[in-house]
Amino acid sequence: MAMRKILHIDMDAFYASVEQRDDPTLRGRPVVVAWKGARSVVCAASYEARTFGVRSAMPALRAEALCPQAVFVPPDFARYREASRRVREIFARHTDLIEPLSLDEAYLDVSTNKQGIASATAIARSIRADIRDDTGLTASAGVAPNKFIAKIASDWNKPDGLFVVRPEQVLDFLAPLPVGRIPGVGRVMESKLATLGIVTVADLRAAELPALEARFGRYGRRLHELSLGIDERAVVAERPTQQISAEDTYADDVPLAATGPMIEALAQKVWRAAEREPERVARTVVLKLKTREFRILTRSLTPPMAPADAAALTRIALALRERVELPASTRYRLVGVGLGGFVDRHDASIQPGLFASD
């Protein structure tokens, strides 16, 4: 199979950058895109705010404490969607193989492209220049032979940067990276790998595959493949949304009763993502838990009426914990919240029985 040419394009501090573009008084100032309030979380932070430690998905109160001089701006998703649409139009000048991950990032397969440009690096430069000229925003790009490496590369020279990893450079590029740069390796997994003497990707590459599989199951094999730069996932063109989810890993394993704040934060994040799909309605709420022993549990509910807002989604997700029947001593390392079973809003409105309970 011919070597793929993959781009990962990631807009720089997208929501905050749109706000700074549209309001010159915000330029050069720490901007936090969030509603103020005890239950609000940060949607985005400008690079000026990030220097104070403000990050996306952080509670807004925490962001305010870290950066009291920050300007809080309520999100305007209509403007963000419009900017995203214009960026997608730029992508489409080069390829139809576009896989959006969110409003502000996407994979592109430019192995064969519409303008017949042989160099993927030249395509990335052209896209970044067009984004700047057409939208007044900046984007960073990673160029690599697969999605895994392209995503790491796009973060290498942020903001407003370009980084290229050629096929013959893959192994050397990955070797010194901490294992935490691998997707799915959070702080807890990083700690578990460290107990095996695995700190860098080179360490992971040198580990015995049977030992990794014995300890981590199928994910152990996946980790070993990624350490070798192997990622065969194709870029999949945009399809109607079927599921939206978010998950996070605890620094220290917690009991079930302590998962409430994380569930609330993730539900807020998922609901914001669902609002970007105004013509689609989710039928099912999903709660995912992973135990200290890496056992994965999912609980789902298809209520009579679809959740109408983030608060309703949160209530259902929290209630799903009651269907977990493991001992109270069980500790959990990861929590996830999802919406699934999406249908067109028109179809939902003409089928009153669509949201029947499980």
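The values are calculated or read from the model by the stated rules, or taken from the named source; none is laboratory data. What you see is a predicted model; the values in this text were computed from it and never measured. Virtual Cβ from ideal backbone geometry, glycine too; neighbours counted across all protein chains shown.
Just the residues that are in contact (Cβ under 8 Å) with a residue 40 or more places away in the chain and either part of a helix (DSSP H, G or I) or under 20 Å from Lys147 (Cα atoms) (or both), please, taken from the range 191-218. Selection gives Phe216 alone.
If you go through the range 155-180 and pick out every residue that is out of contact with any strand residue (DSSP E or B) (no Cβ under 6 Å at 6 or more places or on another chain) and surrounded by 17 or more Cβ atoms within 10 Å (Cβ to Cβ), you end up with 4.
Select from the range 225-240 the residues that are crowded, with 17+ Cβ neighbours inside 10 Å and either touching a strand residue (DSSP E or B) at 6+ places or on another chain (Cβ under 6 Å) or of a type in the set (Gly, Ala, Ser) (or both) and write down the one among them that is nearest to Leu209 (Cα to Cα). Reasoning before the result, please.
From the range 225-240, those crowded, with 17+ Cβ neighbours inside 10 Å are 226-227, 229, 231, 235; that's our starting set.
From the residues that got through so far, the ones that are either touching a strand residue (DSSP E or B) at 6+ places or on another chain (Cβ under 6 Å) or of a type in the set (Gly, Ala, Ser) (or both) too are 227, 229, 235.
Working: Ser227: 11, Gly229: 15, Val235: 27 Å.
By that ranking, first place goes to Ser227.
Scanning the range 9-36 for residues that are in contact with a Leu (Cβ under 8 Å, 6 or more places away or on another chain) and either aliphatic (A, V, I, L, M) or not in a helix (DSSP H, G or I) (or both) yields Ile9, Met11, Asp12, Val18. Summed over the range 38-90, residues that are among the basic types (Lys, Arg), touching a residue at least 60 places away in the same chain (Cβ under 8 Å) and not in a loop (DSSP other than H, G, I, E, B) total 2. The residues in the range 57-102 that are surrounded by fewer than 21 Cβ atoms within 10 Å (Cβ to Cβ), of a type in the set (Gly, Ala, Ser) and within 23 Å of the chain's Cα centre (by Cα) can be counted, and the count is 4. None of Ala282, Ala265, Ala237 is assigned by TED's automatic domain parsing to the domain that holds Ala308, touching a Leu at 6+ places or on another chain (Cβ under 9 Å) and in contact (Cβ under 8 Å) with a residue 40 or more places away in the chain except Ala282. Kindly indicate whether any position in the range 103-118 is β-branched (Val, Ile, Thr) and within 21 Å of the chain's Cα centre (by Cα). No: zero hits.
Quick test for you: out of Thr330, Thr249, Thr314, Thr259, pick the one residue that is in contact with a helix residue (DSSP H, G or I) (Cβ under 9 Å, 6 or more places away or on another chain), outside the structural domain of Ala78 (by TED's automatic domain parsing), in a loop (DSSP other than H, G, I, E, B) and among the hydroxyl-bearing types (Ser, Thr, Tyr).
On the way: Thr249 fails: in a loop (DSSP other than H, G, I, E, B); Thr314 fails: in a loop (DSSP other than H, G, I, E, B); Thr259 fails: in a loop (DSSP other than H, G, I, E, B).
Only one candidate passes the filter, namely Thr330.
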